[in-house]
Structure formats: C-alpha cells, structure tokens
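Read the structure below first, then the notes.
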Amino acid sequence: MRATKLIIVLAVALMSLPGLAWAATPDSRRLEGRLPDDAPVVSLAQPRGTVLDALSAITKQTGWVLVVTAPESATTRPLTIQVSKRPAGEVLDLVLEAGSLRAAFADGVLRVRSDDPAKSADSWRERRRERRGRHGSERVVFGRSLTIGADETVDKAVAIGGSVTVAGHVRYDAVAIGGSVTILPGASVGGDSVAIGGTVSVAEGATLEGDNVSFGGAIPTTVGSMTRWVVGGPHMFSMFRFVSRLTRAVLLLIIAVLIAVAFPGALTRIGAYLVNRPGLSALGGVAILLGFVPLCVLLAVTIIGIPLIPVAVLLLVALFLFGFTVSAAWLGERLPFLQEKTPVKAVALGGAVFVLVGLIPWIGTTALILVAAFSAGATLLSRFGRTPAVAV
C-alpha cells in the first residue's frame with residue numbers, strides 16, 4: 001500500500017515539474033512564449049545607455065532578432081545595468097521591467113512592445129500615419145492654407161482659397177487656387193507647382209522637378225480673392241463689423257443695378273422662370289450650394305481640371321450676382337412705393353431692402369445667401385434667361 005502511494009506521489013511530482021520550472025523562470029512575468037532551453041547566459045556592462053541599448057546587447061549575444069514597436073519615450077529611458085553570466089531570461093526580464101515593456105518570443109524573434117495599452121495604441125496610430133505618409137495621399141483643403149510638414153510625404157497638395165507651403169515632399173503636384181505655393185529649403189515637389197492668384201516661390205535648396213506655373217495680374221488675383229470669399233467656410237457667416245457689412249452690401253447693390261441696366265431682358269425672363277417654376281428653381285439653388293465644393297474637388301485631383309476651377313468660381317459668382325438682382329427686382333416690383341417701376345428702379349428699391357437686411361449680424365448674411373441661391377437656381381436652369389419660361 002505504501003509502495004502504491006509512493007508511486008502516485010512520484011508520478012504527480014514528475015508531472016508537475018515542467019509547470020513548476022516554467023513558473024519559476026523570471027521571464028514568465030513580462031515575456032510571452034518560452035525561451036529556448038539552450039539559451040546562453042549573457043553579461044551586460046552598461047554604466048551609461050538606454051533600455052534599447054541593453055536589449056540590443058542581449059539579442060546580439062543570444063543571436064535573436066529584435067523587433068521593437070514600443071514608443072521611443074520608453075526605449076530611450078536611461079539604464080545602468082551590470083550583470084555577469086546570468087540566464088538570458090532573467091536579464092531580459094530586468095531590462096523589460098526597467099522600460100515598462102513586454103515582449104513575445106517565437107522562432108528566434110524577440111518582439112518588444114509597450115506595457116501600457118494606451119501607449120501601444122498611440123504607437124500603432126503613429127506607425128499608421130507613418131505608413132500613410134510613406135505610401136502617399138492626396139491633401140485637399142478649402143478656405144484655408146495647407147502646410148506639408150518636414151516629415152510628411154503626400155501625393156498631391158491642393159488648397160482652394162488658400163496657400164500651400166511645402167516643407168516635406170510632394171510626389172506629384174502642388175496647387176493653390178487663390179493663394180501662393182512656397183517650397184521651403186530641403187523640400188521637394190515631383191510634379192508641377194501651380195498658383196492661380198498668387199506666386200510660386202522655390203527656396204534655395206528646394207527641388208521642383210515639374211513646371212513653375214503662376215497666374216498673377218489683376219484678373220487672376222481677383223479670381224483668387226473671389227475663391228477665398230466663396231469657399232472661405234465659416235467666415236462667410238461670421239459677424240462682420242458694421243462698416244464692412246455696409247460697404248459690402250452697398251457694393252452688391254451697385255453691381256445689381258449695373259446688371260439691371262446691362263441685361264434687362266434676361267432679368268425679366270429669369271424672373272418669369274422663377275415665378276413659373278419656384279420648386280425647380282429652389283432645387284437648383286440647393287444643388288449649387290451643395291455641389292460646388294465636390295465639383296472643385298473633382299477638378300482639383302487632376303492637373304487638366306485645375307485651370308477650370310477659376311471658371312467654376314466665376315460662374316458661381318455670376319450666378320449669385322444675377323440671383324441677387326432677380327430677387328431684388330421681384331421684391332421691388334411688389335413694394336408699393338413707386339407708381340411707375342422700371343427694372344432698374346425695381347432692382348434699386350428691392351436691393352435697398354436687402355441691403356438693410358444684410359446689415360443684421362449673422363442673420364443678414366445668411367438671408368442674402370439663401371435669397372441669392374434661390375434665384376441663382378432659376379438663373380442656371382434658364383441659362384441666364386435664354387430658356388423661355390413655361391407656366392405649369
């Protein structure tokens with residue numbers, strides 16, 4: 001009986017030995033995976049250095065491959081360590097603990113990562129941004145300037161309503177509509193640099209492999225200013241100072257009167273189209289407001305379409321100016337202040353009312369844009385009054 005019990009105890013002990021040995025090894029705390037049984041002993045004499053230096057020394061003596069995905073802030077921590085002929089797992093655990101790191105070993109490869117999940121996620125996001133930068137991407141912005149950092153590499157850099165500053169690398173084209181293109185020392189552009197309403201500046205030490213194309217002068221500069229105004233984003237709806245709002249509103253009124261003098265017949269036909277097809281005109285206005293930015297994006301992604309962006313901007317400005325004039329004429333004809341109303345008088349009267357509305361902070365600018373967009377839809381669908389209105 002005693003012999004039977006002794007045999008059972010010895011069997012259980014023998015079965016438990018591998019588990020006890022595994023639990024006793026220091027590398028089980030921060031190391032995933034089992035180190036090889038023939039792992040050599042290592043010695044470290046590092047009075048000055050970093051955690052990464054110690055890891056490199058361990059893998060050099062053991063012949064392992066070292067892969068580090070931990071953030072630089074962890075691997076560059078100062079570390080002073082002095083060990084002589086100790087098991088590799090024991091020394092590795094000391095180094096990993098000093099850097100708050102974890103490691104996994106498999107097939108001769110030691111992979112070191114951060115022990116902090118948040119830091120590990122940050123490191124993953126950093127690596128993803130680096131990969132995206134290396135593989136390239138298209139950067140397109142509206143209503144603001146674009147800067148390509150010194151450590152960035154993108155395929156294209158396009159700013160509509162702003163400038164482009166390149167401190168890194170652009171594989172193909174750098175384009176600014178309503179601004180300038182500046183290539184800083186050490187930066188490179190593999191394609192063309194195009195500036196409409198601005199200039200292209202290539203600093204000494206910068207590389208421009210394609211053409212330097214800039215359209216300055218009065219007309220392109222005006223187009224650039226219009227582009228910044230149209231796609232300037234939230235600033236269009238911000239509260240301007242009273243003098244600025246008044247000046248803009250009066251200028252808009254003067255332009256509307258000039259349009260009425262130059263195109264009285266077209267205004268009459270557009271007004272008739274608006275009255276006969278109000279729903280379709282409103283739908284056209286919504287399409288103009290929502291479709292302009294996607295249209296510019298489509299034009300900006302190809303060098304062939306880039307010259308058409310100023311044309312699109314001018315067309316948008318013309319539609320809104322005609323739309324404002326048509327709305328002013330419609331309102332002026334319905335106000336009981338004048339007995340005999342010509343198109344010019346009606347536009348002047350209705351435009352004056354809109355000028356007063358435009359002076360209201362926040363609401364005024366938004367109201368003018370909506371009024372102009374409503375009639376701009378009729379202007380576009382009637383092809384500036386060329387399509388006759390049909391009553392429905």
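The values are calculated or read from the model by the stated rules, or taken from the named source; none is laboratory data. Predicted model, so just to flag it, every value in this text is computed and none were measured. Neighbour counts are summed over all protein chains in view; Cβ atoms, including those assigned to glycine, are modelled from backbone coordinates with ideal geometry. Ligands, DNA and RNA are stripped out before the accessible areas are found, and what is left, the full protein with its side chains, is counted by its heavy atoms. Shrake-Rupley method; radii C 1.70, N 1.55, O 1.52, S 1.80 Å.
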Item to check | 5 angstrom amide H check on Val164, placed H, neighbours 5+ away | outcome: Leu146, Ser180, Val181, Thr182
Checklist outcome for this item: What the Cα atoms of segment 250-335 span along the principal axes, largest first and in whole Å, is 48, 29, 22
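In Å², and per residue, what accessible area does segment 288-335 have when probed at 1.4 Å with the other protein chains present? Walk me through the numbers on the way to the answer.
Numbers: 2120 Å² over 48 residues.
Here the per-residue accessible area is 44 Å².
With r as the distance between the Cβ atoms of Thr76 and Glu32 and R0 = 25 Å, compute the FRET efficiency 1/(1 + (r/R0)^6) and round to 0.05.
On the way: r = 23 Å, r/R0 = 0.93.
Here the calculated transfer efficiency is 0.60.
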Item to check | Total formal charge among the other residues, if their Cβ is under 14 angstrom from that of Gly377, Lys/Arg +1 and Asp/Glu -1 | outcome: +2
